[in-house]
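Quick notes on the structure that follows.
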């Protein structure tokens, strides 16, 4: 019996090899194996705002792959490849669970999704934060607009890397980014994360909502 299980597991690995190789170049493409009562890997790390592709197969019985926060609930058939695509819009840790009863240990068949990235800040939250003045406020809209009072720097959203000398030296400095509507600042926030800044906030709705 154990030999049969090993053969099935090896077969699943063989099926997943192309996708595991692909994931080496793209960390948002992940190969997952489902089995009683576990998901392998037990932790998936991705980035907010980027398309995620999960290639999953089961080695024993039908399972479910569900992440409630992102409205995902897919059936995973034994020996068949299922591709799940989604773009996480929230940061944090989220539970992955099996949503199809698969035996006595079904309730403990869980994994974890970790989404890294910038966080959202609302206009009211920004107004309250400005009273403390303990962060770096960055306008990235082009063409240049009238800045929110207290803005520390203006850098076009597509030239962040070019003017990195205008940014804080310490990568853990809290940076709040804004533009007119929120689209340019979203892109600038992703650039800041790529540059190593790990405490980035994007003003939801931009200066239009601020006004």
query = Stretch residue 122-residue 208 to full length: gain in nm at 0.36 nm per residue minus the Cα-Cα span?
reply = 29.8 nm
key: Helix-only CD estimate at 222 nm, as mean residue ellipticity for the chain, using -39500 (n - 2.57) per DSSP H run (n ≥ 4)   = -7500 deg cm²/dmol
message = Can you tell me the orientation of helix 123-132 relative to the chain, as the angle in degrees between its alpha-carbon axis and the longest Cα principal axis, to the nearest 10?
response = 60
query = How do the peptides 133-140, 165-172 rank, highest first, by the average count of neighbouring beta carbon atoms within 10 Å per residue?
reply = 133-140, 165-172
ask   = Could the peptides 153-161, 184-192 be put in order, highest first, of the mean number of other beta-carbon atoms found within 10 Å of their residues?
value = 184-192, 153-161
ask   = Using the count of nearby Cβ atoms within 10 Å as a rough guide to exposure, how do 102, 179 rank from fewest to most?
value = 102, 179
inquiry  = What do you get for the angle between helix 183-194 and the principal long axis of the chain? Use alpha-carbon atoms, 0 to 90 degrees, nearest ten.
reply    = 70
request  = Treat the count of other C-beta atoms within 10 Å as a stand-in for reagent exposure and order 141, 63 from fewest to most.
outcome  = 141, 63
task = Express in nm, to one decimal, how much length is gained between residue 130 and residue 62 on full extension, taking 0.36 nm for each residue of separation and deducting their alpha carbon distance.
result = 19.3 nm
query = By how many degrees, between 0 and 90 and to the nearest 10, does the Cα long axis of helix 2-25 differ from the longest principal axis of the chain?
reply = 20
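We did not get these values from a lab; they are worked out from the coordinates using the rules stated. Fair warning: this is a prediction, and the values are worked out from it, not measured in the lab. Neighbour counts are summed over all protein chains in view; Cβ atoms, including those assigned to glycine, are modelled from backbone coordinates with ideal geometry.
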